[in-house]
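Trainee: The structure under discussion is supplied below as structure tokens; questions concerning it will follow.
The values are calculated or read from the model by the stated rules, or taken from the named source; none is laboratory data. Because the structure is a prediction, the values reported are computed rather than measured. Methodologically, a virtual Cβ is constructed for each residue, glycine included, from the backbone with ideal geometry; neighbour enumeration extends over all protein chains shown. Just the protein is used for accessible areas: all its heavy atoms, side chains included, with ligands, DNA and RNA removed. Shrake-Rupley method; radii C 1.70, N 1.55, O 1.52, S 1.80 Å.
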Amino acid sequence: QVQLVESGGGLVQPGGSLRLSCAASGSSFRLYAMGWYRQAPGKQRELVAAIRSSGTTNYADFVKGRFTISRDNAKKSLYLQMNSLKPEDTAGYYCSARFNNADYWGQGTQVIVSS
């Protein structure tokens, strides 16, 4: 069982920045494929960014050049640096892990981009 706990969400003005963190449990974190997803009210959950155990990353087109995903295996943590935030980035952001063909989710952290 993998437990994930997100933090770092909040209210930010357009153009601002936030850094989300996800703390994971388990002794095999370095083997997890990790990702950040988001879900806005009335919309489906969508992939924001992902990072494999190898460190390979991929991003949704709508965040390329603005968001950066990273991981610290020693700290068993996943991060999402979000810059140049837009009102349309407002959503619940969820950390995910895939390990041994099972998917795990955190409870989410809310990001609101508004002036």
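Trainee: Give the residue that is farthest from the chain's Cα centre (by Cα), with candidates limited to residues of region 44-74 that are part of a loop (DSSP other than H, G, I, E, B) and in contact (Cβ under 8 Å) with a residue 24 or more places away in the chain.
Mentor: By that ranking, first place goes to Asn73.
Trainee: Separate question: Which ones in region 1-23 are open to solvent by less than 40 Å² (accessible area, probe 1.4 Å) and over 25 Å from Thr90 (Cβ atoms)?
Mentor: Residue satisfying the conditions is Val2 alone.
Trainee: Within region 1-16, can you find the residues that are more than 14 Å from the chain's Cα centre (by Cα) and part of a loop (DSSP other than H, G, I, E, B)?
Mentor: Selection gives Gln1, Val2, Gln3, Gln13, Pro14, Gly15, Gly16.
Trainee: Which residues, counting only those in region 29-39, are of a type outside the set (A, V, I, L, M, F, W, C), touching a strand residue (DSSP E or B) at 6+ places or on another chain (Cβ under 7 Å) and open to solvent by 30 Å² or more (accessible area, probe 1.4 Å)?
Mentor: Across region 29-39, the qualifying residues are Tyr37, Gln39.
Trainee: List, please: which pairs have Cβ atoms under 8 Å, are six or more places apart or on different chains, and start with a residue in region 1-21 that is modelled with pLDDT of 95 or more and end with one that is open to solvent by less than 30 Å² (accessible area, probe 1.4 Å) and of a type in the set (D, E, K, R)?
Mentor: Leu20/Glu6; Ser21/Glu6
Trainee: For region 38-61, does any single residue satisfy the condition of being touching a Cys at 6+ places or on another chain (Cβ under 9 Å) and of a type in the set (A, V, I, L, M, F, W, C)?
Mentor: no
Trainee: When you scan region 75-94, how many residues do you find that are more than 23 Å from Ser25 (Cα to Cα), touching a residue at least 60 places away in the same chain (Cβ under 8 Å) and not in a loop (DSSP other than H, G, I, E, B)?
Mentor: 2
Trainee: Would you pick out the residues in region 93-113 that are of a type outside the set (D, E, K, R) and out of contact with any Ser or Thr (no Cβ under 7 Å at 6 or more places or on another chain)?
Mentor: Tyr94, Cys95, Ser96, Ala97, Asn100, Asn101, Ala102, Gly106, Gln107, Gly108, Gln110
Trainee: Scan region 40-57 residue by residue and report those that are closer than 30 Å to Ser115 by Cα, open to solvent by less than 70 Å² (accessible area, probe 1.4 Å) and out of contact with any Phe, Trp or Tyr (no Cβ under 7 Å at 6 or more places or on another chain).
Mentor: Ala40, Ala50, listed by residue number.
Trainee: If a residue has to be open to solvent by less than 40 Å² (accessible area, probe 1.4 Å) and either over 15 Å from Val5 (Cβ atoms) or of a type in the set (Lys, Arg) (or both) to count, how many in region 72-89 make the cut?
Mentor: Residues that pass the stated criteria total 3.
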